[in-house]
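Only the coordinates and a few stated rules stand behind these numbers; no lab work does. Predicted model, so just to flag it, every value in this text is computed and none were measured. Cβ atoms come from the backbone with ideal geometry, glycine included; neighbour counts cover every protein chain shown.
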Amino acid sequence: MKNFVVAAFAVLLIGISGPLSEALASDAVHQYQVELFPAPEAYRMGGFPPGMTRQSFTAARGSVVITLLDDRRTKLEFDFAGLIPNGVYTMWNVLTPKPEFADEPLGPTGYGKHGVIADHSGRAHVVVYLDKRPGVMFLLDYHADGELTGRKGVVNFPGALWGTFPQF
């Protein structure tokens, strides 16, 4: 009797797994996870913010889950930790790093057009939808004056976090 029940259950599973697996496959989305780290020296301009050391500025870590949606739309879900508590940041979509560096704001999100404010513990969670695929890399810039404007290396410090996007 036990073998009969097991055999009947297996037939039932085979019968529904075909259509069920096809339905799951047709609704499947492509996701990629990219770890984010402090940028290499080449992408940081002006050293470190006043009063900060290499160790304190490079303590941040993060990740982004990239979900490819229909019609070339893309969902980017960022999680940041180790940021400067209550710090103001901007997110950048790097289109070409060389020969001429070109980027664009990655947003709109949070504070201002493309800004992010870390919470009191240095964490932030941001979701961005794009009507295209992302560029080649991501940069998170820190704004020491708490504003979204300012000169790089003076009050705006590129490269608090960095990562390369997969090419689709």
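The distance between label points at Y129 and H30 comes to 2.0 nm (points 7 Å beyond Cα on the Cα→Cβ vector). With the highest mean first, a sort of the peptides 115-124, 156-165 on other beta-carbon atoms found within 10 angstrom per residue produces 156-165, 115-124. If you bin all the Cα-Cα distances of region 29-164 at 5 Å, starting from zero, the percentages per bin are 2, 11, 21, 26, 20, 13, 5, 2, 0, 0. Remark: the Cα gyration tensor places region 68-144 in the oblate category, a/c being 1.5 or greater and a/b not exceeding b/c.
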